[in-house]
Each structure stands twice: as C-alpha cells, then as structure tokens.
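Chemist: Below are the structure tokens for one structure; questions will follow.
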C-alpha cells in the first residue's frame, strides 16, 4: 500500500511540475541602472551633514570631477573611515547600484588589499583600507545630469548619468598590490587574476607571425600609458587587428573585454558591448609589450573606437597590477552629456511660444 501511495505521490508531483513548466514565467522588469543609481545617490546624500556636503558635493562642471588619480595622495570628498554606519551602508549601496557582484567584489577587494599591503610592508598607518572617498557632482536625479566618483589608492571609478540613457562608467581604474599575495591567510589570492589569465589565453592562440605584430615593445612600460589624462591620448592603433584573427582568437579577445565590461551591471555592460560591435569588431587591436613569461614584466592593450583597456604588471617584481577601462568617445560621460543637452534644448524649443524660436539667447 505504501508503495502505491509513493508511486501516486510521485506521479502527482510530476504532473504539477509539468503543468508549472507550461506556464510562462513573467518577464523581469527591464534593468534601469541609471534610476537605481540616482535613488541610491539621493539616499547617500540624505545621510550627510552640512560639513560633509561641503566636502563631498560639487557642481557638475567643477574641475574636481576630472581630477582623478589612482596613486596615494591627498584627496577631497567624504572619507569612508569618517562615515557613521548609516552613511557607510548608503555609500556601499551606491556602489552596488551600478557595479555587478563581480565589480563590487573587486572594488572592495582593492581596499582589502591595501590593508594586506600595509601588513606586508610593516606600515599599516600608511596603507589604510578605509582611506577611500566619495564625491557627488550635480544633483542626483533620474532625468537630470549628474556624476559621482569613488576613489583611493588603486581605484578610481567615475560614473555619469543623464536622463534615461545608460550611464557612463569610465574611466574605471583598478589596481592590485600585491598581484599575488605571497604570505599570511590570504596567500595565493589574485584579485585581478582573470585579467591576466584571459589575455594569456588569447596570446597562446596566436601564431608566430601574429606574435611579431602583437608584441610592440620588448620591454613593458612601468605603468599604463594613458595615466590619468583627462581624455585618451593615443594617436594610433597598435598591435594585431581583430580583422586578422580567426574565430577562436576573436572569441578569446572578446572574453578579455567582457571581463572588464562585466564589472558593471548587465544593462551597462550589454550597452557598451553593443557600442563596440556597432563601431566594428574588425577595428579592435590587441597589443602586448614585455615578456610573455609568467612572473616577468608585461603589458597589454585592447584599443578600438569606443574602448581602451590597458593592463600593466611591471612594478614590484611584476607583482603589482594597474588596469584601466576607458572610452575614447565617452569618458566622464562626454558624449552622453552632449546628447542629453542637445535633446533638452530640442524639447525646450518645442515648448517656446510661437515666434520666439531662433531669437537671441
């Protein structure tokens, strides 16, 4: 009898599962990173006192918005270390509103590495994992133009939003020192390991003839070439164009790019990938400098009309990584803001009284 009931129960459960599989699940709501980011920023600003607002909020066109860097230096803004629990929660919520889980773990991992580096160097006072700063530029809103930055040693993430368009998320710098933790409870940790491994997978697929084109210098530069310049300043493409890669090589190239883009939420990453495709995958170039052996100084670059990725691991005996994702057309939301203001002006003209268009302003 019990066996019959078991069979009947299993049949009943199977029928339910089959029926459930025939019901179409509701489509998830469309992603809206810009809206989430504005809501999170408003919540964060709402936790600040007047003195903190004076230190960490600016006009959108303030020169400080473009004063970005990834080295230890004096910084302005509201420091994470000085925040109360409510402010810290809101600040981390702002990061999570635009970064993917991967990107958030990398960003917070950079801060953790700073503390690890302090222990390795024996000077924890200099390497403070809470010495990271938030700045807001303009008034956060879902339909207006505004921006913000999260920055400290080895990290500078710059975000710009305008209306309902997908936000700009570049320049986006991440560094790790040490690249491979050699001692203590974190021994073996490689925060930016995928960035190296995926590029090496592509390198391994190239022919000897292609390698002669890819390797542009026998010695790698000591840092990313573009530094903290306001705009990308590379006058030409170098290395091997994607148009000369086979399918396996092209797929490996895209996997490297995806590792960087996927630090942002899926809708942002997808929008950036569409722009890369629209600009022509054949226009992407992959270049390498330095040794191809692990543990020795090396550098690589992926450069196209709408994307620039640089990775450098030379300092500290090739155990100190600097990496950056930039957009030659839209760093700091340049193109995004231009289109936003053009559209706003167009709609403003639509609302002007008859006979007033075209007059002096």
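Chemist: Can you pull out the residues in region 76-95 that are in contact (Cβ under 8 Å) with a residue 40 or more places away in the chain and surrounded by 17 or more Cβ atoms within 10 Å (Cβ to Cβ)? Reasoning before the result, please.
Modeler: Of all residues in region 76-95, those in contact (Cβ under 8 Å) with a residue 40 or more places away in the chain come to 76-81, 87, 90-91, 93-95.
Within region 76-95, 77, 78, 79, 80, 87, 90, 91, 94, 95 meet the criteria.
Chemist: Which condition from (1) in contact with a helix residue (DSSP H, G or I) (Cβ under 8 Å, 6 or more places away or on another chain); (2) at pLDDT below 95; (3) within 29 Å of residue 68 (Cα to Cα) is the one that residue 344 breaks?
Modeler: Result: residue 344 passes all but (1).
Chemist: Would you check if there is a residue in region 219-235 being over 21 Å from residue 173 (Cβ atoms), out of contact with any strand residue (DSSP E or B) (no Cβ under 9 Å at 6 or more places or on another chain) and modelled with pLDDT under 95?
Modeler: Taking every residue of region 219-235 in turn, at least one turns out to be over 21 Å from residue 173 (Cβ atoms), out of contact with any strand residue (DSSP E or B) (no Cβ under 9 Å at 6 or more places or on another chain) and modelled with pLDDT under 95.
Chemist: Could you grab me the full set of residues in region 70-108 that are in contact with a strand residue (DSSP E or B) (Cβ under 8 Å, 6 or more places away or on another chain) and either under 16 Å from residue 174 (Cβ atoms) or assigned to a helix (DSSP H, G or I) (or both)?
Modeler: Passing the criteria: 70, 80, 87, 91, 94, 95, 98, 99, 100, 103, 106, 107.
Chemist: If residue 204 satisfies every condition in (1) out of contact with any helix residue (DSSP H, G or I) (no Cβ under 9 Å at 6 or more places or on another chain); (2) surrounded by fewer than 12 Cβ atoms within 10 Å (Cβ to Cβ) but one, which is the exception?
Modeler: So the condition that residue 204 fails would be (1).
Chemist: Any residue in region 122-141 that is surrounded by fewer than 22 Cβ atoms within 10 Å (Cβ to Cβ) and more than 30 Å from residue 53 (Cα to Cα)?
Modeler: yes
Chemist: Just for region 212-236: of the residues that are in contact with a helix residue (DSSP H, G or I) (Cβ under 8 Å, 6 or more places away or on another chain) and assigned to a loop (DSSP other than H, G, I, E, B), which one is nearest to residue 304 (Cα to Cα)?
Modeler: Across region 212-236, the extreme among qualifying residues is 232.
The values are calculated or read from the model by the stated rules, or taken from the named source; none is laboratory data. Computed from a predicted structure; not experimentally measured. Neighbour counts are summed over all protein chains in view; Cβ atoms, including those assigned to glycine, are modelled from backbone coordinates with ideal geometry.
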